[in-house]
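Taking it in order: structure first as structure tokens, then the write-up.
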Amino acid sequence: MTATTADAPPPGLRLPRRRGTELVLLVGAVLISVYGYIDVGLARQSAVPGDAVSYGAGLGALALLGHLAVRFRAPYADPLLLPIAVLLNGLGLVLIFRLDLETPRNQAAPTQLVWSALGVALFAAVVLLLRDHRVLQRYAYVSVAAGLALMIVPIFFPAVNGAKIWIRVAGFSFQPGEFAKILLTVFFAAYLAANRNALTHVGRRMWRYQFPTGRVLGPILTIWLISVGVLVLERDLGTSLLFFGVFVVLLYVATGRTGWIAMGLLLAAAGAAAVGSLEPHVHSRVSDWLHPFASIDAGRGAGQLAQSLFAFAAGGMLGTGLGEGHSALIGFAMKSDFILATFGEELGLVGLTVLFLLYALLVARGYRAGLALRDPFGRLLAVGLASLLAIQVFVIAGGVMGLIPLTGMAMPFLAQGGSSVVTNWIIVALLIRISDSARRPAPPAAEAGVIAAAHPGGRSGASAGPYGEEDTPYWSGYGFGPGGGKERER
Amino acid sequence: MNRYIRRASVFGLVLLVALLLNAARVQVFEADAYDANPANRRTALTRYSQPRGNILVDGWPVTGSRDSGGRLRYERTYTEGPLYAAVTGYASQVYGTSLLEHAEDGVLSGTDPRLAPVPLWTDITREQQPGGDVHTTIDAAAQRAAFAGLGGKKGAVAAVEPRTGKILALAGTPSYDPNELAGTGRAVTAAWDRLNRGGEQPMLNRALKQTYPPGSAFKVVTAAAALDHRKVTDLDAATRTPSPYTLPGTSTRLGNEAGGCANASLRHAFEVSCNTVFARLGVDVGLDGMTETARNFGFNDADLKIPSTAARSIFDTDMNDAQLALSAIGQYDTTATPLQMAMVAAAVANDGEVKAPHLVDKVTAADGRTVSATRQRTLHRAMSRDTARRLQELMTGVVTRGTGGSAAIDGATVGGKTGTAQHGVHNEGTPYAWFISWAKRDGARDPAVAVAVVVEDAAADRADISGGGNAAPIARAVMQAALR
């Protein structure tokens, strides 16, 4: 089987647009959220919350805005992406509203609603303005520069709760590292799309292994090391882990070399060992994970992780019901990093399973778009963004449930955090854009892509659309673009 | 590239499965262990999220609940805290519960499974039940009389209904206000520290949890043993007892406070409380006979629950004859709770049967449905019916002719026995004044009440302390209240 037959959709098959499906699902997502909101009100105040209508209307308006943007500018996009995002964001708002009842002097839901609106606005802007995802390929180095800059800036701001990841200007806090995730993923995807052949085939061969040349490996390792170094300095190990994970996945997908994964894991193990023993912040996280009840045994009461485990356990199979749990005992970070504990306590294992499946569906649709797409950059970008979501959910959910050491990170869409919500909306916008390309019926020129396997350089699908790889010459100056030889997909 | 994307997506699937399995582990398999962790405050939060059920006296609640608005939301209130403290105990967010609040906590807090109308379904829905009510056997008038009678003195009163074992009064002084311990705040810890500091021990339930040497009040038990073992057959026959009496195997000579004790009859010895006669009778009955009778009255029982556990009253089972002689007059290491001595009086009044004393009449759910009712139960037969009748005669004699005259009540038959118990090294401690008694309304079939009063007042002049002088008037007031 040649690569092209696997990569390209069968020509002539007209995919349905499914915009109506999307609209119906959106209505469902909004209704479920409003139902949750009313449920909290009934449980806590024995009355329907006064602003249930406006909450529903607001969420509905946001959903409609997103839907219209998609309908006009990405009519072939995957119909599941937007409704899942709206549902997750709506449930997040319900949970934050519910937790606000425990902290009357610290209301987070209104702010979160504003950020969600901003996120949807940016979503719409990306869908409307970015006509083709391949444009991003051109800005790979701009992205990486901006991403690194965003990550470095918080070093000059004071630490918040032990992590230097915040910028605070006039009472307005902001986590620039969140945006850096997208920018670095774009860079990784673009660079690897351009250099995957060089990474695979060029370089010295030692014993059974092929080592890429320093020229190929150099920039990528440098940038990765800088980003990880900055993050260690900022003590934001969650994001560091996330970059690392996305990087390794993309490297594997781009080159198909299992050796990269082995090397990545080796590097990760070495890094983890070094950081774990040298960095007290990380060291305490690891010992908390190994002994979540140590502080109880020491007579200091339950620590945050123990409280989180108690919350999940209290939920049991069916949960206590929205508004009827005691996850407020977690205290600090209950609305952000630990919001999943409230979900687990009040909706139980059943609710949590549904939530994980929603995330899994979102991620799966991202991978699916990557599978159906023809340009390597788009594929890598789709896989990168989907992996970003998957790893982030795993790292934070595994952390608060005692599966892996806890690293501070936001549950996508669910947790309190403006930069996070906005970033996730942009990720979904990019996935919408990519899935639109992937599902769009191929124009006649693209059908010629079937012969791309014979084309030197193997730029399968590159001729589709106005931004062919010929138009993205950023690598040409480096001299290690796709080399000659027959493209091998596997 | 597709193969690798698929493999990457399988990696995502592995992560998902790991999360789901871990969630099942935490939420299902290890949930019970996490729930039971003492640092998990959810149990406490649930418990205080609703008003606590009430404790009722004569059908009226003596407790209440106040919404504090805090996290441990509903706090306990007591309408007449010090008066009923020995009955209710306290319920505190900080210090937990005691006495009836503790013993009936499941019902009061709503966790008792019997409260659920449909038990299995309620298990599944985890629906919380409203707290149930505990109806006590306490007679408000008797309780008031006991508490007022003790007044500023240190002491305790226990009163039971002989026929049923219902506890009519249970009071101790000095008392405290359990209102001070309800809730969370700094005031609660301050009150706790204050109540536990110093020697007054206001939170000690003297009627139930404190034992005293019973002194001459124990002679009722000795007399029962002597009569049951036929060491005395005629109440008015002379007992051949010298005064003073030399304790067997020693040169210690035991004397009497009263006169006319040499060779006194049992009746006279009982009425004026001759030590010599009863010490010798105890030796005559022997260790086995004495311990058997004492046990049948309820001594040496560590499991007496009313439903709070009463302190164990002790009659030693391993003594020489000299020690036995002293024990027979309520000294040496014989000790008893006021409740136990009330049971002694009740046994006499109830023709020899000791009924299980109980404080809870019935328990009802919030909707009024009766969850359980306490049935009267016989603990032991302390003595034969005949012996009981003769003891009734002896005890009435104490009130009409002997040391207990101040307990007499018009229109009622009253039987009593005084006691003055020395204690401390060389008997230098202030003696305890005892009075145990029972009363039967003239013409009534059953005795109405049996009472035990102990006064341990350090402020009183030593010479004034005697069962007849200090304790009998209190017992009389309680009996009058119960007779009404």
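Values for this structure:
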{"item": "Residue B:152, sole failed condition from (1) open to solvent by less than 80 Å² (accessible area, probe 1.4 Å); (2) closer than 30 Å to residue B:448 by Cα", "result": "(1)"}
{"item": "Residue in region A:349-364 that is of a type in the set (Ser, Thr, Tyr) and in contact (Cβ under 8 Å) with a residue 40 or more places away in the chain present", "result": "yes"}
{"item": "Residue, nearest to the chain's Cα centre (by Cα), within region B:155-187, restricted to residues that are over 15 Å from residue B:85 (Cα atoms) and open to solvent by 10 Å² or more (accessible area, probe 1.4 Å)", "result": "B:166"}
{"item": "Candidates A:145, A:140, A:170, A:189, filtered to the one that is at pLDDT 85 or above and either over 30 Å from residue A:440 (Cα atoms) or charged (D, E, K, R) (or both)", "result": "A:145"}
{"item": "Any pair with Cβ under 7 angstrom, 6 or more apart, that starts in region A:261-276 at a residue that is open to solvent by 40 Å² or more (accessible area, probe 1.4 Å) and ends at one that is among the aromatic types (Phe, Trp, Tyr)", "result": "A:261/A:252"}
{"item": "Flag for residue A:254 being under 30 Å from residue A:376 (Cα atoms), within 14 Å of chain B (Cβ to nearest Cβ) and part of a helix (DSSP H, G or I)", "result": "yes"}
{"item": "Condition check for residue A:215: in a helix (DSSP H, G or I) and at pLDDT below 75", "result": "yes"}
{"item": "Answer from B:424, B:429, B:416, B:467 - the residue that is modelled with pLDDT under 90 and within 21 Å of the chain's Cα centre (by Cα)", "result": "B:467"}
{"item": "Answer from A:349, A:309, A:340 - the residue that is open to solvent by 10 Å² or more (accessible area, probe 1.4 Å), within 11 Å of another protein chain (Cβ to nearest Cβ) and in contact with a helix residue (DSSP H, G or I) (Cβ under 8 Å, 6 or more places away or on another chain)", "result": "A:349"}
{"item": "All helices (runs of 4 or more DSSP H) inside region B:212-302 with 1 or more residues being over 27 Å from residue B:313 (Cα atoms) and either open to solvent by 40 Å² or more (accessible area, probe 1.4 Å) or modelled with pLDDT under 95 (or both)", "result": "B:266-272"}
{"item": "Restricting region B:303-344 to residues that are outside any loop (DSSP other than H, G, I, E, B) and free of Cβ contacts under 8 Å to residues at least 24 places away in the same chain, the residue that is surrounded by the most Cβ atoms within 10 Å (Cβ to Cβ)", "result": "B:323"}
{"item": "Filter result for residue B:248 (touching a strand residue (DSSP E or B) at 6+ places or on another chain (Cβ under 9 Å) and not β-branched (Val, Ile, Thr))", "result": "no"}
{"item": "Flag if residue A:324 is farther than 27 Å from residue A:76 by Cα, buried (at least 24 other Cβ atoms within 10 Å of the Cβ), more than 8 Å from chain B (Cβ to nearest Cβ) and over 16 Å from the mean Cα position of the chain (by Cα)", "result": "no"}
{"item": "Wholly enclosed helices (runs of 4 or more DSSP H) of region B:1-103 bearing at least 1 residues under 21 Å from residue A:394 (Cα atoms), open to solvent by 30 Å² or more (accessible area, probe 1.4 Å) and within 14 Å of chain A (Cβ to nearest Cβ)", "result": "B:2-24"}
{"item": "Residues of region B:128-138 satisfying the condition of being under 15 Å from the mean Cα position of the chain (by Cα) and not aliphatic (A, V, I, L, M)", "result": "B:136, B:137"}
{"item": "Only listed residue being more than 10 Å from chain B (Cβ to nearest Cβ) and farther than 30 Å from residue A:233 by Cβ, chosen from A:286, A:354", "result": "A:354"}
{"item": "Filter pass, residue A:245 being touching a residue at least 24 places away in the same chain (Cβ under 8 Å), assigned to a helix (DSSP H, G or I) and open to solvent by 30 Å² or more (accessible area, probe 1.4 Å)", "result": "no"}
{"item": "Candidate set: region B:188-211, residues that are among the small types (Gly, Ala, Ser) and outside any loop (DSSP other than H, G, I, E, B); chosen: the one most open to solvent (accessible area, probe 1.4 Å)", "result": "B:190"}
{"item": "Tabulated pairs, region B:367-385, first closer than 19 Å to residue B:289 by Cβ, second open to solvent by 100 Å² or more (accessible area, probe 1.4 Å), C-beta under 9 angstrom, 6+ apart or interchain", "result": "B:380/B:295"}
{"item": "The one condition in (1) modelled with pLDDT of 90 or more; (2) over 18 Å from residue B:226 (Cα atoms) that residue B:327 fails to fulfil", "result": "(2)"}
{"item": "Tabulated pairs, region A:67-82, first under 10 Å from residue A:128 (Cβ atoms), second open to solvent by 10 Å² or more (accessible area, probe 1.4 Å) and part of a loop (DSSP other than H, G, I, E, B), C-beta under 8 angstrom, 6+ apart or interchain", "result": "A:73/A:131"}
{"item": "Selection within region A:236-264 - over 17 Å from residue A:394 (Cα atoms) and within 23 Å of the chain's Cα centre (by Cα)", "result": "A:250, A:251, A:252, A:253, A:254, A:255, A:256, A:260, A:261, A:264"}
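Rundown of residues vs (1) surrounded by fewer than 24 Cβ atoms within 10 Å (Cβ to Cβ); (2) more than 10 Å from chain B (Cβ to nearest Cβ); (3) in contact with a strand residue (DSSP E or B) (Cβ under 9 Å, 6 or more places away or on another chain); (4) in a helix (DSSP H, G or I), yes/no style:
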| position | (1), (2), (3), (4) |
| --- | --- |
| A:314 | no, no, no, yes |
| A:362 | no, yes, no, yes |
| A:371 | yes, no, no, yes |
| A:378 | no, yes, no, yes |
| A:386 | no, no, no, yes |
| A:397 | no, no, no, yes |
| A:409 | no, yes, no, no |
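The values are calculated or read from the model by the stated rules, or taken from the named source; none is laboratory data. It should be emphasised that the depicted structure is a prediction, and the values quoted were computed from it without experimental measurement. Cβ atoms come from the backbone with ideal geometry, glycine included; neighbour counts cover every protein chain shown. Side chains are part of the model used for accessible areas, which takes the heavy atoms of the whole protein and leaves out ligands, DNA and RNA. Shrake-Rupley method; radii C 1.70, N 1.55, O 1.52, S 1.80 Å.
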